[in-house]
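The values are calculated or read from the model by the stated rules, or taken from the named source; none is laboratory data. From a predicted model like this one, the values you see are computed outputs, not experimental measurements. Cβ: placed from backbone, ideal geometry, glycine included. Neighbour counts: every protein chain shown. Calculation scope for accessible area: heavy atoms of the full protein, side chains included, ligands and nucleic acids excluded. Shrake-Rupley method; radii C 1.70, N 1.55, O 1.52, S 1.80 Å.
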Amino acid sequence: MPPRLQAVGGPLTGATIPLAEPEISVGRDDANALTLSDPSVSPCHCVLTTSNDVVAIRDLDRANPSFVNGLPAGDRPLQDGDQIQIGTSIFVVSLTESGVAAPAGEVATVNERPAATASMLTMGREDVFAGRAFDLFGIVIEESHAPGQPHLDQHKP
């Protein structure tokens, strides 16, 4: 049986994608071998290659990377049980024959959770120059102060 991807999250959840071709392009564009209808996927997002029983992933858009086990994919070989995130889709790489148990310690655990969302903290110029550091709720958590001046642990800006 050829290597395959098991879709465990996203629009293709439950699907099995065989990696039978030497190169499989993945992206939002219909010209790709694997098309993902997801606005967070680049038109030409990444390529999966299979050569001599080695499966690898190569990102095509550095500004919008794929992730392998939570880290940017770049250009790397894949191992059995690796978790790939492309946009909101999550796949598990399967290199072993179906029905054959993977050795202990190599079983994939998939934690389904939404893709990380970016959070933004806006600081005014006066806050930067005043040496203030804020937490995620906009509360001052550290403020530079002159010697002899009282230090405020926490206050609203």
Which one is most open to solvent (accessible area, probe 1.4 Å), of the residues in the range 17-47 that are part of a strand (DSSP E or B) and in contact (Cβ under 8 Å) with a residue 40 or more places away in the chain?
-> ILE17
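Considering only the range 1-16, state which residues are without any contact (Cβ under 8 Å) to a residue 12 or more places away in the chain and open to solvent by less than 80 Å² (accessible area, probe 1.4 Å).
Hits for the range 1-16 are GLY14, ALA15.
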